[in-house]
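Comments concern the structure below.
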């Protein structure tokens, strides 16, 4: 084969255009027929501006918006569909998952949690390696929060309705006084859970594990001594719970477990069921009960069948 | 090789010199930015609330600086020396070449400033805003025009394989860059939805497939036979490698989207052709390695040859990794993890970057007419980069496997962060090594060009 300049240049261009028609134009004919998915809606002006901030600050380099069938974490309840992305220009799938996928982040937390989190991510998530975004002025931060709260679109709207409803209820409860607030919190734990004492013994090793978990997950809001004065506290309303007031107010291992597992929608208290499994939750519950509440129900009846360990 | 050693070399090689210096200077910036970003993964509050020093602003800056500032410039330096030499003529216009160097640097400087300020189109490798995109396309067009005119003026009838790769790499990059940056949409530089992802990764993969790889292959095809003082092993393999590269590499961009709702047939094409990449890769490598067979002594004695030869080994590694990652079963673990970052470092620093540096050290004595300022510094830099890139590959592969397997078994991203912390620490220290090597490299290249007594130390 004689490689003249024309053969090299025109030959490679012909190949490129052939390939482009196969891998770009042909799929375009396919994907341009995509119909909107059930959750698609138009973004508001604020959300669009927030999206521009998301792009200009490079959030896409650490957060994907691409839920796969193999995912377990945040957003995994809904597999991504082509119709979800119709209004995304550019599409923000991402290529690295240094932080969680944000496809369905909208409404996972109330706005005040995001305010604390953007100010310094370690205020709410002590192990986070996300940069602080305090430099964004408040109006920009508001727009960014609106965008983040819209992720998941119609699904996010449903979750936001829930946040708004329970935000109001939790604020009312908080403002009605300590006894009423604690009573309200306990009332909202299903009866069965309320009556369960911690089934795990509060062993020295278990308490040490509990301390580790507390520092990795709870410290930012509830503070080093469990009085609710963690670094995120100034941003949050209702403020993080002061554990030391719970003594003698009907607390049980079951209540602590349930609230760590399920969170308290409307407040900044997230659910941890994805991150902590049973033993870890009992351990951190024991740690809180023993050191902060000073009232622990581990080793109490009913214990059921004797455990095989220890 | 078809060169005429008797012909007096009257060329000034100003363009090649300009690109040498461009590459060396931007390598400092690129590695400093990468190093800083790597530290921020360990100490996220390090730069506090300084917007332009955020990890998320430095990340695209690092990638674009490495791709376009350091590696492409270094490879262009070699191209501007090698193409005229192979054609037994001088560059059509050194003036135009120098103008291209200035324009290229202006575009890169503008890229650094705009990305630092948050002006970005938010698409990987296509972040640069429209005016800079235009600058890049114009610069590549000037390169193409200059080289095509050189081809036209040639005294040597036969085009050597290096010339094929440089010409094809340049003209195809003009097309894919414009296409991938959706240059007809100045505002967003993007399509909407899934088609945007498809066109982005078509382009994203072709930055490596149709720019870095052809240019690097061109440099390898020039240097290895010269250093080994032997003709190229096979013309047929050159042809096979060249044409199959263009046919196959262009098909595989969608392997970045195997877990995304794109048409399944397109994924099949991407996976099949990713495996078929063995054809262009091995055609090239067998050709080069057979040329070098029994000549390792000569290669290790030449600093340019050494960089370039190790580059081909890295090409082998990165291609095997690439083909593996395109398998859906492997990708279940590796996708979105540091494994991919490791792959990128072997490919861009290990393969294209080492070849770019090898090219610079090989041509410097020839374009200055004096020996390299310091063989020692060049050798030292070689070892620093080799240790750095092998280290990157190891730690990023390990932390990628930790991430991927943990996620697959149900751990959240947050809970895996402490597990990869130590690898991020090692990654940052290796980044320091590469950064220091870039300072040594710049000093050596600068002194070779401007303040060189010409004595062999």
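Being surrounded by 18 or more Cβ atoms within 10 Å (Cβ to Cβ), away from every other protein chain (no Cβ under 14 Å) and in a loop (DSSP other than H, G, I, E, B) is true for just one of A:228, A:210, A:206. Which residue is that? Among A:228, A:210, A:206, only A:228 is surrounded by 18 or more Cβ atoms within 10 Å (Cβ to Cβ), away from every other protein chain (no Cβ under 14 Å) and in a loop (DSSP other than H, G, I, E, B). Just one of the numbered conditions (1) more than 23 Å from residue B:79 (Cα to Cα); (2) more than 8 Å from chain A (Cβ to nearest Cβ) is not true of residue B:194: (2). Residues that are crowded, with 21+ Cβ neighbours inside 10 Å number at least 2 in the following helices (runs of 4 or more DSSP H) confined to region B:230-335: B:235-249, B:264-276, B:278-291, B:303-325, B:328-334. Screening residue A:302 with (1) at pLDDT 95 or above; (2) under 26 Å from residue A:183 (Cβ atoms) gives one miss only, at (1).
Here region B:366-387 is the region considered, the condition is being crowded, with 20+ Cβ neighbours inside 10 Å and in a loop (DSSP other than H, G, I, E, B), and the residue that is farthest from the chain's Cα centre (by Cα) is B:373.
Evaluate region A:285-295: report whether one residue or more is touching a helix residue (DSSP H, G or I) at 6+ places or on another chain (Cβ under 6 Å), at pLDDT below 95 and not assigned by TED's automatic domain parsing to the domain that holds residue A:71. Within region A:285-295, not a single residue is touching a helix residue (DSSP H, G or I) at 6+ places or on another chain (Cβ under 6 Å), at pLDDT below 95 and not assigned by TED's automatic domain parsing to the domain that holds residue A:71. Is it the case that region A:263-280 has a residue that's within 14 Å of another protein chain (Cβ to nearest Cβ) and part of a helix (DSSP H, G or I)? Checking region A:263-280: at least one residue is within 14 Å of another protein chain (Cβ to nearest Cβ) and part of a helix (DSSP H, G or I).
Please verify whether region B:388-410 includes one or more residues that are at the interface with another protein chain (Cβ under 10 Å from one of its Cβ atoms) and outside any helix (DSSP H, G or I). Yes, region B:388-410 contains at least one residue that is at the interface with another protein chain (Cβ under 10 Å from one of its Cβ atoms) and outside any helix (DSSP H, G or I). Can you tell me which residue in region A:53-75 is nearest to the chain's Cα centre (by Cα), limited to those that are under 22 Å from residue A:36 (Cβ atoms) and more than 7 Å from chain B (Cβ to nearest Cβ)? Of everything passing the filter in region A:53-75, A:75 is nearest to the chain's Cα centre (by Cα). The criterion of at least 2 residues that are in the same structural domain as residue A:87 (by TED's automatic domain parsing) is met, among helices (runs of 4 or more DSSP H) falling completely within region A:1-72, by A:45-56.
Taking the stated definitions as given, is residue A:117 more than 7 Å from every other protein chain (Cβ to nearest Cβ), surrounded by 23 or more Cβ atoms within 10 Å (Cβ to Cβ) and either more than 19 Å from the chain's Cα centre (by Cα) or not in a loop (DSSP other than H, G, I, E, B) (or both)? In short, yes.
Screening the candidates A:102, A:141 for the property of being within 18 Å of residue A:47 (Cα to Cα), over 14 Å from the mean Cα position of the chain (by Cα) and within 13 Å of another protein chain (Cβ to nearest Cβ) yields one hit, A:141.
Pairs are defined by a Cβ separation below 8 Å, a sequence spacing of at least 6 or placement on different chains, a first member in region A:6-20 that is more than 8 Å from every other protein chain (Cβ to nearest Cβ) and free of Cβ contacts under 8 Å to residues at least 60 places away in the same chain, and a second member that is part of a helix (DSSP H, G or I) and surrounded by fewer than 18 Cβ atoms within 10 Å (Cβ to Cβ); no pair meets this definition. All told, residue B:168 falls short of being more than 14 Å from chain A (Cβ to nearest Cβ) and on the phi < 0 side of the Ramachandran plot. The residue list A:93, A:127 contains one member that is in a loop (DSSP other than H, G, I, E, B) and either more than 17 Å from the chain's Cα centre (by Cα) or more than 7 Å from every other protein chain (Cβ to nearest Cβ) (or both), which is A:93.
The values are calculated or read from the model by the stated rules, or taken from the named source; none is laboratory data. As the structure is a computational prediction, the values presented were derived from the model and not from experiment. FYI the Cβ positions are ideal-geometry reconstructions off the backbone, even for glycines, and counts take in every protein chain you see.
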